[in-house]
1. Looking at (1) touching a Ser or Thr at 6+ places or on another chain (Cβ under 9 Å); (2) within 23 Å of A61 (Cα to Cα), can you tell me which one G19 breaks?
2. Could you list, in sequence order, all residues of the stretch 30-50 that are among the small types (G, A, S), surrounded by fewer than 12 Cβ atoms within 10 Å (Cβ to Cβ) and in a helix (DSSP H, G or I)?
3. Enumerate the pairs (first residue in the stretch 5-16 and over 17 Å from S48 (Cβ atoms); second residue anywhere and surrounded by fewer than 16 Cβ atoms within 10 Å (Cβ to Cβ)) with beta-carbon separation below 8 Å, excluding pairs fewer than 6 apart on the same chain, so at least 6 apart or on different chains.
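The values are calculated or read from the model by the stated rules, or taken from the named source; none is laboratory data. These figures come from a predicted structure and were not determined experimentally. Heads up, the Cβs are rebuilt from the backbone with ideal geometry, glycines too, and the neighbour counts pull from every protein chain shown.
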Amino acid sequence: MIFRVILFLTGFCLAVSGGVSLIGYLNLIVMGNTWIEYISFVVRRPESYLLPLGISLITYALFDIDRKMDDSIPKE
């Protein structure tokens, strides 16, 4: 249980960091770049991959079935 909480918090921190970076890079569009240039820039930045990594960690922490609880389900 504590492992899932730590995994959730780590995923949340990574998702926030990646999301803030992507929002910060939106200033490139204000500076005159196109959406294609923005996307090609973001794909080359390593911190842009923190958002999907964080979301996947959060999803795993929330939807992982605990094996101990699986034994309590009656089998027919």
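1. (1)
2. S40 - this is the single residue of the stretch 30-50 that is among the small types (G, A, S), surrounded by fewer than 12 Cβ atoms within 10 Å (Cβ to Cβ) and in a helix (DSSP H, G or I).
3. Listed by first residue and then by second, the contacts come to L7/Y60; F8/L62.
For every residue, the table says whether it meets (1) exposed (fewer than 11 other Cβ atoms within 10 Å of the Cβ); (2) outside any helix (DSSP H, G or I); (3) touching a Leu at 6+ places or on another chain (Cβ under 6 Å); (4) at pLDDT below 95.
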site	(1), (2), (3), (4)
R4	no, no, no, yes
F12	no, no, no, no
S17	no, no, yes, no
L28	no, no, no, yes
I55	no, no, no, no
Y60	no, no, no, yes
I65	yes, yes, no, yes
K68	yes, no, no, yes
P74	yes, yes, no, yes
